[in-house]
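Read through the structure below, which is laid out as structure tokens, and then see the notes.
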Amino acid sequence: QVQLVESGGGLVQPGGSLRLSCAASGIIFRLVNMEWHRQAPGKQRELVAVVTSGDIPNYADSVKGRFTISRANAKNTVYLQMNSLKPEDTAVYYCKARWIGTDYWGQGTQVTVSS
């Protein structure tokens with residue numbers, strides 16, 4: 001059974017930082033590209049960052065230079081370090097893995113950027 005469990009969200013002031021974690025089970029983690037998505041109220045879910053199985057990152061333009069995605073294969077965990085947070089980063093953040101032709105999502109973690 002595949003499970004993705006996010007943690008690390010919360011309330012932070014503009015300019016602050018948060019680190020999200022996503023722990024995976026039920027997959028061969030080192031073989032899987034891992035993704036972070038987010039969904040703000042009233043908006044479609046959007047891709048934020050991807051890290052490939054070869055540890056190559058890619059980012060949405062809106063977070064380039066502020067967010068860093070990384071993975072720890074020994075811990076079956078992917079991270080999203082978020083710096084210089086803005087109010088428009090407020091959203092529920094989800095991790096996603098595609099395994100044997102099926103997309104799996106975590107339950108999401110809320111990030112709120114507000115003064």
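Taken together, the values in this text are just the output of simple stated rules run on the coordinates, not laboratory data. This is a predicted model, so every value here is computed, not measured. Glycine gets a Cβ as well: all are built from the backbone with ideal geometry, and neighbour counts include every protein chain shown.
Miscellaneous remarks
- Residues of region 37-52 with amide N under 17 Å of the 7 Å Cα→Cβ point at Ala60: 37-51
- Sum of side-chain charges, Ser17 neighbourhood, beta-carbon under 14 Å (Lys, Arg +1; Asp, Glu -1): +2
- Unit charges on C-beta of K, R, D, E only; dipole of the chain, Debye: 120 debye
- Radius of gyration and maximum dimension Dmax of region 52-115, Cα, Å: 13.2, 43
- Stokes-Einstein diffusion for region 23-69, with the hydrodynamic radius set to the Kirkwood value over Cα pairs and evaluated at 25 °C in a medium of 0.890 mPa s, equals 207 µm²/s.
- Nearby lysines by direct alpha-carbon distance to Lys64 (threshold 24 angstrom, same-chain neighbours under 8 apart not counted): Lys43, Lys86, Lys96
- As a rough guide to protection, the peptides 20-33, 59-72, 42-55 ranked by mean Cβ packing within 10 Å, highest first, stand as 20-33, 59-72, 42-55.
- Across the options His37, Asn83, Tyr93, the greatest Cα extent toward the positive end of the charge dipole of the chain (unit charges at beta carbon of Lys, Arg, Asp, Glu) belongs to Asn83.
- Cβ-derived FRET efficiency at R0 41 Å, Leu11 paired with Ile100, nearest 0.05: 0.65
- Ratio Rg/Rh [Cα only; Rh per Kirkwood] for the chain: 0.95
- Furthest towards positive pole of dipole, Ala60, Gly108, Gln3, structure part the chain, Cβ charges: Gln3
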